[in-house]
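The numbers here are math on the coordinates, done by the rules we state, and not lab data. Since the model is a prediction, treat every value here as computed from it, not as a measurement. Heads up, the Cβs are rebuilt from the backbone with ideal geometry, glycines too, and the neighbour counts pull from every protein chain shown.
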Number of protein chains: 2
Amino acid sequence: MENNSKKTALHEKDGIPQPESISKTALDKVVRSRKTQPSAATLISGILSGDISALSRAITLVESTNLDHLMKANEIIAACLPHANQSLRIGITGVPGVGKSTFIEAFGKHLTAMGKKVAVLAVDPSSTISHGSILGDKTRMEELVKDKNAYIRPSASGETLGGVARKTRETIILCEAAGFDTIVIETVGVGQSETAVHSMVDFFLLLKISGAGDELQGIKRGIMEMADAIVINKADGDNVAKAKLAKTEFNRALHLFPAKTSGWIPKVTTCSAYEKTGIDAIWDLISEYSSLVKSNGYFGEKRQEQNQYWMMETINEQLKNHFYHHPEIIALLEQKKKAVQNDELSPFAAAMDLLGQYFK
Amino acid sequence: MENNSKKTALHEKDGIPQPESISKTALDKVVRSRKTQPSAATLISGILSGDISALSRAITLVESTNLDHLMKANEIIAACLPHANQSLRIGITGVPGVGKSTFIEAFGKHLTAMGKKVAVLAVDPSSTISHGSILGDKTRMEELVKDKNAYIRPSASGETLGGVARKTRETIILCEAAGFDTIVIETVGVGQSETAVHSMVDFFLLLKISGAGDELQGIKRGIMEMADAIVINKADGDNVAKAKLAKTEFNRALHLFPAKTSGWIPKVTTCSAYEKTGIDAIWDLISEYSSLVKSNGYFGEKRQEQNQYWMMETINEQLKNHFYHHPEIIALLEQKKKAVQNDELSPFAAAMDLLGQYFK
């Protein structure tokens, strides 16, 4: 621009200012629209009318670490709560390699084809960077991503499972208020996250592949007992016979477990997410479960229990958080741990010493 | 006595005081011996020399709710700690009716016959009255009770599992310091107590009876996965074939579980505690486990982990205790719970409100 150029020998006089090549008015408008978040009221009415953009913005507030954002998020959640709780929440777990993404894509498409609105969320506390490894690569579900009746949101990031779980729980409320009637929550069955997911869903599905042995090693203890259904994926081509065998084995194993308080007997089934076979049977099975637990009252009871659980869990987590971040405790903890390790102090005496300092 | 009688017409004069029919010196001695607890030092040296009476008195101090007693108990435990940790700790669980008492009697007698010193403890938080329902009736183990190389102590009483667990953990230390090389800890597999017991033993044994079905219903979820061995008891008479079948089934089921970090593959075996058959094989199996985990380092690691676990658990329990007994929290809790129940408040918002009050 002329008026910014250095004065040289060729310079004659200052000309009149040249007009900006970018309209300042237009720029201001863009900057303003980026900076000005819509009000809580705008987001609430957007969500309740099923506006995906409002939903996404509200979820971003839920996931924020900014206090103002969180207060706004709380306002939105409070307004959405009476409109939530109308969906079926399905948890899906399985170690990497069982084909979770392909399964969720096939399962989700099956549901949207039936006229359902499906939200797919994930809980993966390991992914503090880049918004999660699961679902991070949306191209793995390219059909579902394009489906206007599906909404895919990667795992919230966070340092603790508790934090990620809170964000996902609140995101469920927002999705339900936005009209999604089926919420699918994915997790990797290797850490503690599947216990958290189990505590926020109505139905828990464990995805496996046939060929017992190695792939079972990776799955966390206790998950099999949590499952309402075990689905053996990749039952296609040469795998069909193996998958059937695995089905028999898992069925036999499940019979040794104690009965569920839901009154439901866990089912084992096979499918091929790749060939899209067996998917309808899985939905039928989930519907059967849903009818059972809604008629026997377990559905509502479990949701109430889950609410109480999350309230208690949050309290518990915050109490521990406060304790372990206390300067005196930080200073003493390692020393007491060492004394316990060297059999100089019983674990109880060590705990009591620390608590004495904390409550002093 | 003359000098206490009423003065009547027959009364002449006060005679000399008659001697007391009970020697005051003797009485004082009895009262004093009842009131005067031996000093901590006396109890410590008693325990370390294997004196059962000193051991019992020290355990009574551990179980006391009197602060002076607990301080004394802590002193004794601290002195015993360097002499503890030399035993093998075996947890035994099973629902009522599987024959735990008969099994422990047969098992214990087998061990004492081998020259071992066996302490049998119990964790049963349900028994707040009368020192525990399990082991409460020592006549169920009349052979073992008479055995001078066995020591049987019923479950401590206490309102919380945490309290009972602490007492048992400390009792283990005292028993080990008194020279017991095998600690058997019994629990009923219906509550949460078996998780606590699992966290204080080296080897966890699940006792069952054959005839799959009903008796499995009572056992808590997740216990089968904790077990290092499943023993099918009452494999006698008509039951032998059924027990063998159950063994095959459980073996098959255990194969579906993920591998244990101990490197141990859980075993299934049958026995008849009544006919005293199969007991030796169970001990062989436990010895095999013990050799494995001592050689691969898991034994020591697990004990260290257990110590850390109990330290953390105690802290956690006390933090919650303090929170839920806080007057402001007591006043608010039900109100917040109700708001969550009516979908007026999310579980997280409710928790945050309560925490705000607590830390104010």
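Table for the structure above
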item: Relative counts (whole %) of C-alpha pair distances in the range B:85-296, using bins that are 5 Å wide; result: 1, 7, 16, 21, 22, 17, 11, 5, 1
item: Inter-label distance for A:L48 and A:T195, nm, one decimal - labels placed 7 Å from Cα along Cα-to-Cβ; result: 3.9
item: Pairs from A:K167/A:K336; A:K320/B:K100; B:K117/B:K294; A:K167/A:K338; A:K338/B:K360 whose Cα-Cα separation, in the structure shown, is over 28 Å; result: A:K167/A:K336; A:K320/B:K100; A:K167/A:K338; A:K338/B:K360
item: Proximal aspartates and glutamates to A:K72, defined as alpha-carbon separation beneath 20 angstrom and excluding residues fewer than eight positions away on the same chain; result: A:D51, A:E63, A:E170, A:E176, B:D343, B:E344, B:D353
item: Residue mean of other protein chain beta carbons inside 10 Å, A:350-356; result: 5
item: Using a Förster distance of 45 Å, the FRET efficiency for A:N342-A:T60 (Cβ separation, nearest 0.05); result: 0.35
item: Beta bridge orientation in the range A:147-296: antiparallel %, DSSP, nearest 5; result: 10
item: 7 Å along Cα→Cβ, label-point gaps from A:M114 to other copies, nm, shortest first; result: 5.7
item: Peptide A:257-263, shielding by other chains (average Cβ, 10 Å cutoff); result: 3
item: Net charge over other residues, Cβ less than 13 angstrom from the Cβ of A:K338 (K, R count +1; D, E count -1); result: -2
item: Members of A:K148/A:K244; A:K267/B:K267; B:K208/B:K337; A:K109/A:K234 lying beyond 29 Å, as alpha-carbon distances in this model show; result: A:K148/A:K244; B:K208/B:K337
item: Summed side-chain charge close to B:Q306 - residues other than B:Q306 whose Cβ falls under 12 Å, Lys, Arg +1, Asp, Glu -1; result: 0
item: For A:S45, inter-copy label distances in nm, listed shortest first [label point 7 Å out on the Cα-Cβ vector]; result: 8.7
item: For residues of B:166-177, the mean tally of beta carbons on other chains within 10 Å; result: 1
item: For B:Q304, label point 7 Å along C-beta direction: distances to other copies, nm; result: 4.7
item: Area projected by the alpha carbon convex hull of the range B:309-358, averaged over all directions, nm²; result: 3.8
